[in-house]
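The values are calculated or read from the model by the stated rules, or taken from the named source; none is laboratory data. No experiment lies behind these values; they were computed from the predicted model shown. Cβ placement follows ideal geometry from the backbone for every residue including glycine, while neighbour counts extend to all protein chains displayed.
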Amino acid sequence: GTLEDENDREEFINKLLTLPSRNDWNFPEPLYQYQGFWNFSPYIIGLMLAQKRFQAQPNDIILCSHPKTGPTWLKALAFANVTRSQYDDSTSPLLTKSPHDVVPFIELDAAQGVDNRDLKVPLAATHGPFNSLPTSFRTLGCKIVYICRDPKDAFMSLWHFMTKQIWFPLLSITFEDAFEMFCEGVLVHGPYWEHVLEYWRASLESPEMVLFFKYEDLKTNTSFHVKRLADFMGFAFTPEEEKQGAVDKIIELCSLETLSSLEVNRNGKQRENSMFECRNGLFFRKGKVGDWKSAMTPEMGARLDRIVELKLSGSGLTL
Ligand code: A3P
């Protein structure tokens with residue numbers, strides 16, 4: 001890296017060391033709490049770098065989420081949407097690249113010293129909380145799309161992801177203890193409900209700026225929400241396009257079935273040689289609403305529901 005990189009990193013590491021830290025998950029390194037949310041140091045450093053340097057473009061649309069709530073799907077849908085005049089379902093880069101590789105991910109790309117904007121699409125993605133977004137997004141009035149999900153399913157999905165992640169063979173926490181940590185809000189990008197609430201409030205305050213989605217709604221009424229997404233992004237489908245099946249084509253291309261059967265998503269990898277390295281296949285599992293029941297007891301489910309209900313009370317949001 002450059003001298004500026006080195007100086008920034010040093011400054012950020014010093015700052016990091018003053019943050020609260022915990023290691024209830026028995027990870028090889030602790031989680032630190034930065035601007036209200038827990039995470040690993042490389043991610044926090046990446047977020048700090050992005051906050052300092054990421055220069056949004058005026059037309060950028062930012063795809064935001066907590067992990068395991070559906071950003072893989074959202075990225076695919078948004079990309080297919082904004083590029084539909086350039087590519088069709090036989091030429092889309094989505095056929096040869098993971099959805100994560102067609103949309104720059106601002107914190108991790110910043111951490112690797114690149115901005116990853118080669119495909120020249122007006123999209124960027126982040127797991128950062130609303131209040132931690134680089135200021136250029138807000139000064140430029142960039143549009144934001146947020147996706148969230150039933151916290152019970154998000155926890156299940158996270159558990160499966162973590163137990164298979166290359167970096168986590170050392171994960172020695174039990175399922176029950178991991179659940180406790182989720183309930184306490186101490187997890188990567190947690191507390192989950194705070195993450196959701198920041199974006200929810202922003203969407204109420206500025207509906208023209210923040211579009212709020214639930215994974216479950218996207219599953220049950222895909223076509224309606226894909227059109228809603230396109231309208232919001234400024235890429236509305238024309239009646240002509242609708243008649244020709246453009247919406248259905250995008251839904252088909254971005255389906256769990258189509259994407260998960262592609263070679264790149266079966267055997268490809270991403271972020272090789274970093275702690276975030278993983279097989280692309282890990283991002284495609286069941287995609288089932290209510291999958292928490294496969295491993296959580298009804299009592300665990302009810303307990304998490306109560307916690308979340310309490311945290312969201314008065315917000316107008318239910319999950
Ligand atoms: P499950 O683990 O419950 O199956 P993320 O995108 O946040 O990593 O979330 C991954 C979750 O979204 C996983 O949920 C995964 O199966 C599901 N998913 C991934 N791609 C999808 C798609 N194209 N359509 C629907 N769900 C998808």
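From the list F37, F54, F27, the one residue that fits, being more than 20 Å from the chain's Cα centre (by Cα), of a type in the set (A, V, I, L, M, F, W, C) and surrounded by 14 or more Cβ atoms within 10 Å (Cβ to Cβ), is F27. Determine if region 243-266 includes at least one residue that is outside any helix (DSSP H, G or I), away from the ligand (no atom under 12 Å from the Cβ), in contact (Cβ under 8 Å) with a residue 24 or more places away in the chain and farther than 30 Å from P42 by Cα. Checked region 243-266: no residue is outside any helix (DSSP H, G or I), away from the ligand (no atom under 12 Å from the Cβ), in contact (Cβ under 8 Å) with a residue 24 or more places away in the chain and farther than 30 Å from P42 by Cα.
Under the condition of being away from the ligand (no atom under 16 Å from the Cβ), in a helix (DSSP H, G or I) and either touching a Leu at 6+ places or on another chain (Cβ under 8 Å) or of a type in the set (S, T, Y) (or both), the residues counted in region 194-227 number 3.
Do you know which of the residues in region 88-107 that are in a loop (DSSP other than H, G, I, E, B) and under 20 Å from S223 (Cα atoms) is modelled with the highest pLDDT?
Taking region 88-107 first, the residues in a loop (DSSP other than H, G, I, E, B) are 88-92, 96-98, 103-104.
Narrowing the set further to residues that are under 20 Å from S223 (Cα atoms) leaves 88-89, 92.
Working: D88: 86, D89: 84, S92: 97.
If we take residues in region 88-107 being in a loop (DSSP other than H, G, I, E, B) and under 20 Å from S223 (Cα atoms), then S92 is modelled with the highest pLDDT.
It is to be established whether one or more residues within region 148-163 are part of a loop (DSSP other than H, G, I, E, B) and over 30 Å from T220 (Cβ atoms).
Here is the first cut: in region 148-163, the ones part of a loop (DSSP other than H, G, I, E, B) are 149-150.
Filter once more, so that each one left must be over 30 Å from T220 (Cβ atoms): none.
Within region 148-163, none of the residues are part of a loop (DSSP other than H, G, I, E, B) and over 30 Å from T220 (Cβ atoms).
Beta carbons closer than 6 Å, at least 6 apart along the sequence or on distinct chains, pair a first residue in region 137-155 that is under 21 Å from R53 (Cβ atoms) with a second that is within 12 Å of the ligand (Cβ to nearest atom) for I144/C64.
Checked against (1) within 16 Å of the ligand (Cβ to nearest atom); (2) more than 23 Å from M181 (Cα to Cα); (3) outside any helix (DSSP H, G or I), G316 meets all criteria but (1). The lone criterion from (1) in contact with a helix residue (DSSP H, G or I) (Cβ under 7 Å, 6 or more places away or on another chain); (2) over 29 Å from S274 (Cβ atoms) left unmet by K219 is number (1).
Does region 126-139 include one or more residues that are within 16 Å of the ligand (Cβ to nearest atom), small (G, A, S) and closer than 28 Å to D231 by Cβ? Yes, region 126-139 contains a residue that is within 16 Å of the ligand (Cβ to nearest atom), small (G, A, S) and closer than 28 Å to D231 by Cβ.
Output the number of residues of region 44-74 satisfying the condition of being within 16 Å of the ligand (Cβ to nearest atom) and under 30 Å from E10 (Cα atoms). Break it down stepwise before answering.
Initially, region 44-74 is screened for residues within 16 Å of the ligand (Cβ to nearest atom), giving 62-74.
Subsequent filtering for residues that are under 30 Å from E10 (Cα atoms) retains 62-67.
Within region 44-74, residues that are within 16 Å of the ligand (Cβ to nearest atom) and under 30 Å from E10 (Cα atoms) number 6.
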